[in-house]
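These notes concern the structure reproduced below.
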Amino acid sequence: MQSRAEAETVIAEARKSHERLRQAVDLLPQGIVILDPEGRYVLWNKQYAEIYSKTADLFQEGARLEDTLRVGVARGDYPEAAGHEEEWIAARLKKLYEPGKRHEQTLSDGRVILIEERRTDDGGVVGLRVDITELKQREASFRLLFDGNPVPMIVCALDDERILGVNDAAIAHYGYSRAEFERLKIRSLQAFDSEPPWTDRSGEEQAGRTWKHVKADGALIDLAIYSRELTYHERPAVLLALMDITERKRAEARLTFMAQHDGLTGLPNRNKLRQAMDEMLVHTRRSAEKVAVLMLGLDNFKSVNDTLGHAVGDKLLRGVAKRLRSTLREEDALARLNSDEFAVVQSGLTRPEDAVMLAKRLLEAIADPYLLDGHSVVIGASIGIAMAPGDGDESEKLLKSAGMALSRAKLDARGSFAFFEAALDAKAQSRRKIEVELRDAIQNDVLRPYYQPLIDLSSGRITGFEALVRWPHAERGMVSPAEFIPVAEETGLINPLGGLMLRRACLDAATWPDDVRVAVNLSPLQFRSGNLLSMVTDALKHSGLPPRRLELEITETLLLEKSAQVLATLHALRALGVRISMDDFGTGYSSLSYLRSFPFDKIKIDQSFVRDLGANREAQAIIRSIVSLGRGLGVIITAEGVETEAELSCLRTEGCDEGQGFLFSKARPNAEIIGLLAAQRGIDAADEDAALVA
Ligand code: C2E
Ligand code: MG
Ligand code: MG
């Protein structure tokens, strides 16, 4: 039998240990509750009271949980129970006595509590409560981001690559249902099994790599995949974001194609051809084989465009491209270089004759008539050929050589072909050198007019001087205009050159006696520049030279085109009072007809007719008829290139008005002209004295 005191000690001990237990459980982060077998509260900690803060005032040792719930329900602590209070309480209690199971409870304030209960040995219950609100929120926002994302996303297991989840965008994009997806492994979406299923497990972006997937309907798509590892339903998994870049890739491919092809014929362009050529050339460097570049230019393509229209012109080009392609072997490259030029690169030949055979076949293929929009169109072509390695071992050089050969072929005879010759290149290079140096010479004002006198054949007096450009060159001495005028015309330098000559000639002539004229040569190209008229008026104004003392020499080629603009300019010049001479008469195609198109003041018979005078009677007959023509038209006739007394006396006999030539004087610098004119004045003065004496 225990004494009362003993019993009290035991009770006090029990209280103490209960109190210790309570303090201990208060330290735990989870909520803890202990119920006895009848469902009465034995112990609960602070966290438990905090979780159920609304009803915490009802917790009492010995109070039944069921009663507490009932009071809580009655006073509206559990709005979710409203209307079916008893059922709600029963369900709660049932869960309470389903030990070992976890379940979630959502409180009326939105918090989510994870509940885990276990039976104690005496038939009571220990319950754990964990607030998982934050975790739930995170999960929910993940779901929101995942499910609602417009980018297709797939989650798949790291270990077996099985698809664990997909979002709506993935379902829409791939055309598989969610259930179908979840039966697949990520690899079964891939077009090529060799690819790893994700870019990089570290989640870093890998530039430049794309993946090909197959959609449910079999269509291939290009993807850029971004991946990140995560835990999904407690499994190590990978989240894949799949950006469809099929369209972008297609657009890129289109752009690349367009950058390398000609839009009209679909043939490779110059860039693409050069790539192909460089590859061929690398290959042949290691063998004895040669490569031929055939550059083909259509003859008179412009006139097809002009007469039949661009639509027909375009069709013709496509037709030509087609015929060229079908004449070639698969391995020969064909490209369109510009509007009417194509290039063929033929590899694997051993002799130039192989290229000749191909050139002939190509010319034949093109020559047959084309039926275009009801027109039968015939077009010819010329071909220039360059061979590697002889004419260059680099694509650009070879194309240039073939281009030079083409210009040559066109000059020879349309419809022919020509091989590149090193001499052509040398000529082209010397032209380039002249161009560079001439530009310098113009800029540094090195060019000077020299003056050659024109002599009145009946009186022997100087009527004027022709200004002839001279280029004193540091290394080459005086360079002939015959050498650089054509280059100046090709490069447009003729305009500054012509302007410079005109200004200087007018300035010089203004210092000469009033009855002495100056003649300046004009190139046909100066008429195209559009400012010739103002150039002439400016030169006259600036120098103060009266217009009647200026003669402009033009050649027959200017009138070849019979352009209204040229004639208008000529008339305007003449209206200023300037005189117009026809230079080198007789060398053109239809010299006489040109005389009809404009009222010239002077005709200069080309020196080739004068040269023949002594030896040949026809030449004399020609001079005679030109002189009588001049009489009829009231035009002065000048003979150029008079070198001998015999020529001079013959010209006098025929009644030619003027002469110019080495017999009288070569062209001289202005300083010497002044002397010449002074001497002439001396003679004049002597004549006058003689007349006075007589
Ligand atoms: P052109 O206008 O017919 O000039 C006459 C050419 O014949 C000059 O050659 C002159 O030196 C040359 N000549 C004169 N007398 C004789 C002779 O008795 N025998 C021979 N064999 N030749 C003679 P140049 O100075 O070499 O000029 C050649 C051509 O260059 C000129 O032919 C002219 O078409 C052109 N030219 C010269 N200066 C200019 C210029 O300033 N502007 C333009 N646009 N062309 C010019
Ligand atoms: Mg002349
Ligand atoms: Mg002449």
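The values are calculated or read from the model by the stated rules, or taken from the named source; none is laboratory data. Here the structure is a predicted model, which is why all the values come from computation and not from measurement. As a convention, Cβ positions derive from the backbone with ideal geometry for all residues, glycine included, and neighbour counts pool all protein chains shown. For the accessible areas, the whole protein counts, side chains as well, though only heavy atoms, and no ligand, DNA or RNA atoms are used. Shrake-Rupley method; radii C 1.70, N 1.55, O 1.52, S 1.80 Å.
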Plugging the Kirkwood radius over Cα pairs into Stokes-Einstein for region 261-420, at a temperature of 10 °C and a viscosity of 1.306 mPa s, what D comes out in µm²/s?
102 µm²/s
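In deg cm²/dmol and to the nearest 500, what is the mean residue ellipticity at 222 nm of the chain if only DSSP H runs of at least 4 residues count, each as -39500 (n - 2.57), divided by the residue total? Walk me through the numbers on the way to the answer.
Working: 25 runs with 315 residues, N = 694.
Taken over the chain, the calculation gives -14500 deg cm²/dmol.
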So what J values fall out for region 650-657 if you push phi through Karplus, 6.51 cos²θ - 1.76 cosθ + 1.60 with θ = phi - 60°, rounded to Hz, Gly and Pro as x?
5, 5, 4, 4, 6, x, 5, 6
Determine the distance separating the Cα centre of region 36-93 from the Cα centre of region 230-261; give it in Å without decimals.
56 Å
Of A216, L267, I683, farthest towards positive along the dipole that unit charges on Lys, Arg, Asp, Glu beta carbons give the chain
I683
Going by a ≥ b ≥ c, the root eigenvalues of the Cα gyration tensor, does region 30-130 fall in the rounded group (a/c under 1.5), the prolate group (a/b larger than b/c) or the oblate group?
rounded
Prolate/oblate/rounded call for the chain, Cα gyration tensor, a/c under 1.5 rounded:
prolate
Would you mind putting 245-257, 445-457 in packing order, based on average other-beta-carbon counts within 10 Å, highest first?
445-457, 245-257
Could you work out how far helix 310-327 tilts from the main Cα principal axis of the chain, as a 0 to 90 degree angle to the nearest 10?
80 degrees
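How high is the relative contact order of region 541-595, in percent, with contacts defined as C-alpha pairs under 8 Å that are six or more residues apart? Before the final figure, lay out each step's value.
Working: 47 pairs, mean separation 26.5, N = 55.
Normalised by residue count, the contact order of region 541-595 is 48 percent.
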Please give the charge dipole size of region 261-420, origin at the Cα centre, charges +1 on K and R Cβ atoms and -1 on D and E Cβ atoms. Round to the nearest 20 debye.
20 debye
In whole Hz, the Karplus estimates of ³J(HN,Hα) for region 433-448 (6.51, -1.76, 1.60; θ = phi - 60°; x where Gly or Pro) are 5, 4, 4, 4, 6, 5, 4, 4, 4, 5, 4, 8, 6, 8, 6, 9
Chymotrypsin sites (Phe, Trp or Tyr not before Pro) within region 66-146: DSSP coil, no more than 16 neighbouring Cβ in 10 Å:
Y97
For the Cα atoms of the chain, what angle does the longest principal axis make with the long axis of helix 270-285, in degrees from 0 to 90, nearest 10?
90 degrees
Taking Cα pairs under 8 Å and at least six residues apart, what relative contact order does the chain come out at, in percent?
6 percent
Placing each pseudo-label 7 Å from Cα in the direction of the beta carbon, H283 and I132 end up separated by a distance in nanometres of 6.8 nm
Between region 305-366 and region 619-650, how many Å separate their Cα centres?
53 Å
Compute the FRET efficiency between D412 and R361 as 1/(1 + (r/R0)^6), taking r as their Cβ-Cβ distance and R0 = 25 Å, and round to the nearest 0.05.
0.80
Cleavage-rule hits, chymotrypsin sites (Phe, Trp or Tyr not before Pro), region 600-694, DSSP coil, Cβ neighbours within 10 Å at most 11
none
Quick note, region 206-247: a/c under 1.5 would make it rounded; otherwise a/b > b/c is prolate and the rest oblate (a ≥ b ≥ c, C-alpha gyration tensor); here it is oblate
L533 versus V214, label points 7 Å from Cα toward the beta carbon: distance in nm?
7.7 nm
Roughly how many percent of the accessible protein surface of the chain is carbon and sulfur, given a 1.4 Å probe and a whole-percent answer?
54 percent
I'd like to know which of G634, I132, T491 lies farthest towards the positive end of the charge dipole of the chain, counting +1 on Cβ of Lys and Arg and -1 on Cβ of Asp and Glu.
G634
Using θ = phi - 60° and Karplus 6.51 cos²θ - 1.76 cosθ + 1.60, couplings along region 620-633 (whole Hz; Gly, Pro as x):
5, 4, 5, 4, 4, 5, 5, 4, 6, 4, x, 4, x, 8
Computed over all unlike Cα pairs, the Kirkwood hydrodynamic radius of region 406-564 in Å stands at 17.8 Å
Relative to the first principal axis of the alpha-carbon coordinates of the chain, what is the inclination of helix 670-693, with its axis defined by its Cα atoms, in degrees from 0 to 90 and to the nearest 10?
20 degrees
What is the dipole size for the chain, taken about its Cα centre, with +1 at each Lys and Arg Cβ and -1 at each Asp and Glu Cβ, in debye to the nearest 20?
660 debye
What percent do you get for the relative contact order of region 30-130 when only Cα pairs under 8 Å and 6+ apart count?
31 percent
With a cut-off of at most 13 other beta carbons within 10 Å, and DSSP calling the residue loop, which trypsin sites (Lys or Arg not before Pro) in region 464-527 qualify? Please list them.
R476
Share antiparallel - DSSP beta bridges, the chain, percent rounded to 5:
80 percent
Once the whole set of protein chains is in place, how much accessible area is left on S347, using a 1.4 Å probe, in Å² to the nearest 10?
30 Å²
Given a Förster distance of 30 Å, report the FRET efficiency between N616 and E435 from their Cβ-Cβ distance, rounded to the nearest 0.05.
0.15
Compute the separation of the alpha-carbon centres of region 114-143 and region 464-543 and state it in Å as a whole number.
106 Å
